[in-house]
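The values are calculated or read from the model by the stated rules, or taken from the named source; none is laboratory data. Quick caveat: nothing in here was measured; it's all calculated off a predicted structure. Neighbour counts are summed over all protein chains in view; Cβ atoms, including those assigned to glycine, are modelled from backbone coordinates with ideal geometry.
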Amino acid sequence: MEWSLDATAPLEPPADVPEVQRGNWFALPAGDPVAEYLGANLWDRPEEPDRWEAARLSQAVYVYRERLTGWATAAKFYAVKTGTSAEKHARREAEAARQAWAAGLAEGEARAIRPLAVWRGVLFLEYVDGLSLEDVIAVRRSRPGTLVPCLEGAARILATLHARGTSPHARPDFEAAAHRALEYVDTLSKHGVLEDDPVAAAGLARAIDRWAARPMMQDFVPTLTHGDATTSNFVFPWAGGIVILDWERLEVSDPAADLGRLKAEVSHSVTQHGGSVAEAEPFVQCLVEAYTESLPAGGDAAALLGRARFYRAASTLRIARNGWIPRLDRTVLVAQALALLA
């Protein structure tokens, strides 16, 4: 890539590599601004860094590693997602991670990822080497007995965040969640598998409206929520424990939203990795049981699980929007969402 002459402009990721080579390290050219920043500001070894290399984790996230020592950090390039407002959004996620730390996820076996610095729209984070929950689901049959403890760990870390991040002065508000669910239906009607099915689209919209009218959807104590509890955002380091990533959607809302999202994601991940909904349901139930067992005594678990059913349905519709999923699978997801809302 060509380096910007503006020393304050948000940085773009390094030159991408062909699809077939993704997952491999590639050498960085001399003068790479991120490598120079790391060497001058975050490098903590007495010797000078030798040579930097990088690997692509996603469109916006790369790992930078010093070749001789293996010292590494993750760099999230917000310019890919937010353009010229990258600096603001990078700083917001760094602050969100610090909020999660303050809510009890600062250290120990279950914690939030540690932000290191923000510079020119790039958020630097500790690099956590391990398997994501998505990875664990993918290899569940070749590594028997590993998935259930990981699901329990993911449930417990969410329960800790929700229990310690309560905001009793915040007003319960289900309107935004219902609006998002209706937007998912609208997208599926205009560009997705419901494009030629106004009957199913109207039925989904009516079901969402009926849920919005239920008093229990407004009967909760708002808490800090992760906001994007997907299977890729829970990582299990090789040394043990669990680290939760990607705090850019942290908000104060219904804790059932995180649980419902993760239920939908686990179910979908199992089916995408050689399984079925029937195989997925016991794993989803394991997640629910571990979560409810981790909650403080005195809470209304039944009401929370009722609301989580709605959020699971909404997240299932969210997944169904993805064009890379085969059309038949997306249709099945919409049918599952309709069944959950019935």
>> Under 8 Å between Cβ atoms, which residue pairs at least 6 apart in sequence (or on different chains) link something in the stretch 154-165 that is more than 18 Å from Gln285 (Cβ to Cβ) with a partner that is among the aromatic types (Phe, Trp, Tyr)?
In response: Ile157/Phe234
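Would you check if there is a residue in the stretch 282-291 being more than 30 Å from Arg91 (Cα to Cα), at pLDDT 95 or above, in the same structural domain as Leu158 (by TED's automatic domain parsing) and in contact with a Pro (Cβ under 8 Å, 6 or more places away or on another chain)?
Within the stretch 282-291, the first condition is being more than 30 Å from Arg91 (Cα to Cα), and the residues that meet it are 282-291.
From the residues that got through so far, the ones that are at pLDDT 95 or above too are 282-291.
Those still in the list that are in the same structural domain as Leu158 (by TED's automatic domain parsing) too: 282-291.
Those still in the list that are in contact with a Pro (Cβ under 8 Å, 6 or more places away or on another chain) too: none.
No, the conditions are met nowhere in the stretch 282-291.
Tell me, please, whether a residue that is without any contact (Cβ under 8 Å) to a residue 12 or more places away in the chain and closer than 30 Å to Arg164 by Cβ can be found in the stretch 59-72. Even if it seems obvious, please write down each step before you answer.
To start, the set of residues in the stretch 59-72 that are without any contact (Cβ under 8 Å) to a residue 12 or more places away in the chain comprises 70.
Still in the running and closer than 30 Å to Arg164 by Cβ: none.
Taking every residue of the stretch 59-72 in turn, none turns out to be without any contact (Cβ under 8 Å) to a residue 12 or more places away in the chain and closer than 30 Å to Arg164 by Cβ.
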> Within the set of pairs 6 or more residues apart or between chains, which connect a residue that is farther than 17 Å from Val136 by Cβ inside the stretch 274-285 to a residue that is among the polar types (S, T, N, Q) and at pLDDT 95 or above with Cβ atoms less than 9 Å apart?
Replying inline: Val277/Ser267; Val277/Thr271; Val277/Gln336; Glu281/Ser267
>> So in the stretch 127-146, with the set limited to residues that are crowded, with 18+ Cβ neighbours inside 10 Å and hydrophobic (A, V, I, L, M, F, W, C), which one is farthest from the chain's Cα centre (by Cα)?
In response: Ala138
> In the stretch 302-327, what count of residues is obtained for those that are without any contact (Cβ under 8 Å) to a residue 60 or more places away in the chain, of a type in the set (Gly, Ala, Ser) and crowded, with 17+ Cβ neighbours inside 10 Å?
Replying inline: 2
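Could you look through the stretch 295-342, keep only residues that are assigned to a loop (DSSP other than H, G, I, E, B) and under 21 Å from Pro255 (Cβ atoms), and pick out the one that is modelled with the highest pLDDT? Working first, answer last.
To start, the set of residues in the stretch 295-342 that are assigned to a loop (DSSP other than H, G, I, E, B) comprises 295-300, 321-326, 342.
Now drop any that are not under 21 Å from Pro255 (Cβ atoms), which leaves 295-300.
Numbers: Leu295: 92, Pro296: 88, Ala297: 84, Gly298: 78, Gly299: 81, Asp300: 88.
Ranking the qualifying residues of the stretch 295-342, first place goes to Leu295.
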> Would you pick out the residues in the stretch 27-40 that are surrounded by fewer than 15 Cβ atoms within 10 Å (Cβ to Cβ) and either basic (Lys, Arg) or farther than 16 Å from Leu116 by Cα (or both)?
Replying inline: Ala27, Pro29, Ala30, Gly31
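On the given criteria, is Glu53 without any contact (Cβ under 8 Å) to a residue 60 or more places away in the chain, surrounded by 11 or more Cβ atoms within 10 Å (Cβ to Cβ) and not in a helix (DSSP H, G or I)?
Working: without any contact (Cβ under 8 Å) to a residue 60 or more places away in the chain: yes; surrounded by 11 or more Cβ atoms within 10 Å (Cβ to Cβ): yes; not in a helix (DSSP H, G or I): yes.
Against the criterion (without any contact (Cβ under 8 Å) to a residue 60 or more places away in the chain, surrounded by 11 or more Cβ atoms within 10 Å (Cβ to Cβ) and not in a helix (DSSP H, G or I)), Glu53 qualifies.
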> So how many residues does the stretch 223-235 have that are surrounded by fewer than 20 Cβ atoms within 10 Å (Cβ to Cβ) and either out of contact with any helix residue (DSSP H, G or I) (no Cβ under 6 Å at 6 or more places or on another chain) or not assigned by TED's automatic domain parsing to the domain that holds Ser267 (or both)?
Replying inline: 2
